[in-house]
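Below you'll find the structure, written out as structure tokens, and then a few comments.
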Amino acid sequence: MLATTVLLIIEKFSSIGGGTGMPLPGLAGYNPALLTAYTYWAALAVTVVALAAIYLLLRGRLGLVLTAIRDDEVAARSSGARVGLARMLVFVVAGAGCGAAGAVLAISQLQVQPAAVFTVNWTAEMAFITIIGGLGTIEGPIVGTVVYMVLQQTLASYNAWYLIIFGLVAIFVALFARRGLWGLVDSRINVRLFPVGYWLRLDTDRPRRPRLRAPRG
């Protein structure tokens, strides 16, 4: 909905190309091999910064608030959690990450077309990646991205059939592996590359006063 709204607004401005878009100024003269290398390092930098930001946010006080909101928003409000502020911060961080990823995409294509950038396909792809990788973890979307790229490259020659296969894979994972592929790995070998979240641990000295502690990295 938001992407479609932005698309319709941008199409009204002919100064930035309207519906046809416009090429990126100053990048057309670069050596293609050099531009590809720059794009790769820019994408890697965006990925590292995004992962570090998400990890630090979830390991801090905001992560505890978000966990409380996820479990029970009413209880979180009654406990004094600032639900509105937490949601706004998450929206800003997610928007900044998606904006940086979109900038890298625009650099790699040297052409910005509103219909290609503000399409609902990006939302569907991110949902697919998160579902098959695993919800509630940082590792899940990483695994989901790898699986998505492998499937996309393997099934690219099947035209529209690869979309049907993507849907079947997502349905299968949602039904038989609700925690995603990373959830299956975590349940078997009990490993976390980015430990986030909180659990209830009883203090052995004071068994009647449980404490909420963060997992150790």
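The values are calculated or read from the model by the stated rules, or taken from the named source; none is laboratory data. None of these values were measured; they are calculated from a predicted model. Backbone-built Cβ (ideal geometry, glycine too); neighbour counts: all protein chains shown. Side chains are part of the model used for accessible areas, which takes the heavy atoms of the whole protein and leaves out ligands, DNA and RNA. Shrake-Rupley method; radii C 1.70, N 1.55, O 1.52, S 1.80 Å.
Laid out as a table, the results:
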quantity	calculated
Alpha-carbon centroid distance for the pair region 128-146 / region 4-65, whole angstrom	20
Residue 138 accessible area, assembled protein chains, probe 1.4 Å, Å²	10
Length-normalised contact order for the chain - Cα pairs under 8 Å, 6+ apart - percent	21
Residue of 17, 180, 63 that the Gaussian network model of the chain assigns the largest fluctuation, springs spanning Cα pairs under 10 Å	17
5 angstrom amide H check on residue 112, placed H, neighbours 5+ away	22, 24
Cα-centred dipole magnitude for the chain, charges only on beta-carbon of K, R (+1) and D, E (-1), debye, nearest 20	1080
With DNA, RNA and ligands ignored, accessible area of residue 74 (1.4 Å probe; Å², nearest 10)	110
Overall form of region 91-202 per C-alpha gyration tensor (a/c, 1.5; a/b vs b/c)	oblate
Surface share of carbon and sulfur [accessible, 1.4 angstrom probe, percent] for the chain	68
Top positive-direction residue, dipole computed over region 40-112 with Cβ charges, set 111, 81, 97	81
Tensor-based shape of region 12-94 (alpha-carbon gyration tensor, a/c under 1.5 rounded, otherwise prolate or oblate)	oblate
Ranked packing of 181-194, 2-15, most packed first, by mean Cβ within 10 Å	181-194, 2-15
Options 177, 43, 31, ranked by Cα towards positive dipole end of the chain, top entry (Cβ charges)	177
Overall form of the chain per C-alpha gyration tensor (a/c, 1.5; a/b vs b/c)	prolate
